[in-house]
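Working notes for the structure below.
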Amino acid sequence: MSDPETEFREIARLDWLYAPTKFDKLHAPTGDYGMPDWSAADVTFACGRTVGKAYIPGIFSRMSLPRCNKCCDTLGFPRGEGSPKNDDACRVLLGLPAEATA
């Protein structure tokens, strides 16, 4: 079993992160960020925005929030809604099987 930090970073890679009341979109975390609890602290997103705290999105956010267009463009992901792991085109880019089951 992996440690909590590794697990969080893998979930963030697949689901991206959400910063409540800021940029109502899912954003791709980049670089190093702190993890004081089950959240990301002082995280920079692929779009260049930086926030003090961001979280793994809840189930409804993972399915319905739009992905940040600039994060998508920067990383070569298709624009759309929901976590990348829930989009077949994104799953291929993440190295996951094409059938979204998560």
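The values are calculated or read from the model by the stated rules, or taken from the named source; none is laboratory data. Remember, it's a predicted structure, so these values are computed and weren't measured experimentally. Glycine gets a Cβ as well: all are built from the backbone with ideal geometry, and neighbour counts include every protein chain shown.
Residue under question is Asp15, and the condition is that it be in contact with a Lys or Arg (Cβ under 6 Å, 6 or more places away or on another chain) and touching a residue at least 12 places away in the same chain (Cβ under 8 Å); does it hold?
Numbers: in contact with a Lys or Arg (Cβ under 6 Å, 6 or more places away or on another chain): yes; touching a residue at least 12 places away in the same chain (Cβ under 8 Å): yes.
Spelling it out, Asp15 is indeed in contact with a Lys or Arg (Cβ under 6 Å, 6 or more places away or on another chain) and touching a residue at least 12 places away in the same chain (Cβ under 8 Å).
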- Query: Which one is modelled with the lowest pLDDT among residues in segment 54-81 that are over 18 Å from Phe8 (Cα atoms) and among the small types (Gly, Ala, Ser)?
  - Reply: Ser64
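Counting only residues that are in contact with a strand residue (DSSP E or B) (Cβ under 9 Å, 6 or more places away or on another chain) and crowded, with 16+ Cβ neighbours inside 10 Å, give me the helices (runs of 4 or more DSSP H) lying completely in segment 1-100 with at least 2 of them.
Values: elements: 4-15, 59-64, 69-75, 88-94.
Answer list for segment 1-100: 4-15, 59-64, 69-75.
Please go through segment 24-53 and pick out each residue that is under 19 Å from Asp87 (Cβ atoms) and not charged (D, E, K, R).
Leu26, His27, Ala28, Pro29, Phe45, Ala46, Cys47
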